[in-house]
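S.K.: Here it is: the structure, laid out below.
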Amino acid sequence: MTVRVLVADDQEIVRTGLTMILNAQPGIQVIAEAANGHQAVELARRLRPDVCLLDIRMPGVDGIAATRELAGPGVADPLPVVVITTFDLDEHVYGALRAGARGFLLKEAGAEMLAQAVRAAAAGDALIAPAVTARLLHAFARGGAGGELRQPADPLTEREEEVLAAVAAGRTNGEIAAALHISLSTVKTHVASLMTKLGARNRVEIAMWAYETGRR
């Protein structure tokens with residue numbers, strides 16, 4: 001299957017570069033480009049791409065606001081969003097992931113990691129730039145999320161606790177399957193169960209919960 005991608009960045013040269021990099025990757029095709037967040041939201045809703053790659057700093061509707069409109073709380077059929085930016089700022093990372101993004105990358109990440117993030121988002125996984133992952137999650141552990149921590153609807157099983165820790169460590173489904181010696185479908189079942197029990201919308205929120213509760 002080909003992963004269909006929408007690229008949004010207010011700088012034409014950056015859009016062109018991202019499009020060329022992604023179109024050069026096997027199994028990835030850029031189907032549309034947007035110059036601002038408003039256009040990105042309109043195109044995404046109309047074309048329903050497999051992944052939306054959004055810059056943060058765009059005029060009018062920025063990348064975080066666009067992410068919230070496409071993948072935020074209350075969105076009935078959210079689209080996978082990966083946020084990409086030049087600026088390694090905690091408030092950007094925090095805002096993007098809270099808005100529903102499945103990934104966060106710096107523009108210096110390179111072609112390979114960009115492709116990995118897009119494929120991960122399309123598969124329901126999450127990829128956050130390694131340079132910010134540990135700092136970000138520890139910030140959540142110090143109470144960055146705010147409010148009272150939600151408790152599981154039902155107690156987690158021993159295996160779910162293992163999968164929880166692996167997700168919090170940033171491992172993909174394939175890596176978790178190999179480490180725990182279980183099938184990929186079993187991992188997906190456990191991840192889905194964790195999302196239900198924790199009230200999480202995606203793997204990033206599972207990781208946040210693990211760090212907020214010290215279970216990582």
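S.K.: Hey, any hits in the stretch 100-123 for a residue that's modelled with pLDDT under 80 and not assigned by the TED database to the domain that holds V191?
M.R.: No; the residues of the stretch 100-123 include none that is modelled with pLDDT under 80 and not assigned by the TED database to the domain that holds V191.
S.K.: If only one of M58, M20 is open to solvent by 60 Å² or more (accessible area, probe 1.4 Å) and of a type outside the set (K, R), which one is it?
M.R.: Numbers: M58 fails: open to solvent by 60 Å² or more (accessible area, probe 1.4 Å).
The unique qualifying residue is M20.
S.K.: Go through P155, P78 for me and flag whichever is at pLDDT 90 or above, part of a loop (DSSP other than H, G, I, E, B) and open to solvent by 30 Å² or more (accessible area, probe 1.4 Å).
M.R.: Selected residue: P78, the only one of P155, P78 that is at pLDDT 90 or above, part of a loop (DSSP other than H, G, I, E, B) and open to solvent by 30 Å² or more (accessible area, probe 1.4 Å).
S.K.: In the stretch 188-206, what residues are under 23 Å from V81 (Cβ atoms), part of a helix (DSSP H, G or I) and either at pLDDT 85 or above or out of contact with any Leu (no Cβ under 6 Å at 6 or more places or on another chain) (or both)?
M.R.: Matches in the stretch 188-206: K188, V191, A192, L194, M195, T196, L198, R203, E205.
S.K.: Select from the stretch 158-187 the residues that are surrounded by 12 or more Cβ atoms within 10 Å (Cβ to Cβ), at pLDDT 80 or above and assigned to a loop (DSSP other than H, G, I, E, B) and list them in ascending order.
M.R.: Within the stretch 158-187, I182 is the sole residue that qualifies.
S.K.: In addition: Of the numbered conditions (1) open to solvent by less than 10 Å² (accessible area, probe 1.4 Å); (2) in a strand (DSSP E or B); (3) over 20 Å from D125 (Cβ atoms), I31 fails exactly one; give the number of that condition.
M.R.: In the conditions (1) open to solvent by less than 10 Å² (accessible area, probe 1.4 Å); (2) in a strand (DSSP E or B); (3) over 20 Å from D125 (Cβ atoms), I31 misses (1) alone.
S.K.: Here's something else I'd like to know. For the subset of the stretch 47-94 comprising residues that are among the polar types (S, T, N, Q) and in contact with a Gly (Cβ under 9 Å, 6 or more places away or on another chain), which member is farthest from R4 (Cα to Cα)?
M.R.: Filtering the stretch 47-94 for residues among the polar types (S, T, N, Q) gives 67, 85-86.
Okay, now just the ones that are also in contact with a Gly (Cβ under 9 Å, 6 or more places away or on another chain), so 67, 85.
On the way: T67: 17, T85: 20 Å.
The qualifying residue farthest from R4 (Cα to Cα) is T85.
S.K.: Which of the numbered conditions does E42 fail, given that it passes all the others? Conditions: (1) under 19 Å from E112 (Cα atoms); (2) surrounded by fewer than 20 Cβ atoms within 10 Å (Cβ to Cβ); (3) of a type outside the set (S, T, N, Q).
M.R.: Answer for E42: the failing condition is (1).
S.K.: Kindly indicate which of A66, A96, A40, A44 is in contact with a Phe, Trp or Tyr (Cβ under 6 Å, 6 or more places away or on another chain), part of a helix (DSSP H, G or I) and not basic (K, R).
M.R.: Among A66, A96, A40, A44, only A96 is in contact with a Phe, Trp or Tyr (Cβ under 6 Å, 6 or more places away or on another chain), part of a helix (DSSP H, G or I) and not basic (K, R).
S.K.: For the stretch 18-74, which positions are of a type in the set (S, T, N, Q) and touching a residue at least 24 places away in the same chain (Cβ under 8 Å)?
M.R.: Across the stretch 18-74, the qualifying residues are Q25, Q29, N36, Q39, T67.
S.K.: Tell me which of these G110 doesn't satisfy, since it passes every other one: (1) closer than 18 Å to E12 by Cβ; (2) open to solvent by 30 Å² or more (accessible area, probe 1.4 Å); (3) of a type outside the set (D, E).
M.R.: For G110, the exception is condition (1).
The values are calculated or read from the model by the stated rules, or taken from the named source; none is laboratory data. Since we're looking at a predicted model, the values are computed, not measured. All Cβ positions, glycine included, derive from the backbone under ideal geometry; neighbour counts span all protein chains shown. These accessible areas exclude ligands, DNA and RNA; they are computed on the full protein's heavy atoms, side chains included. Shrake-Rupley method; radii C 1.70, N 1.55, O 1.52, S 1.80 Å.
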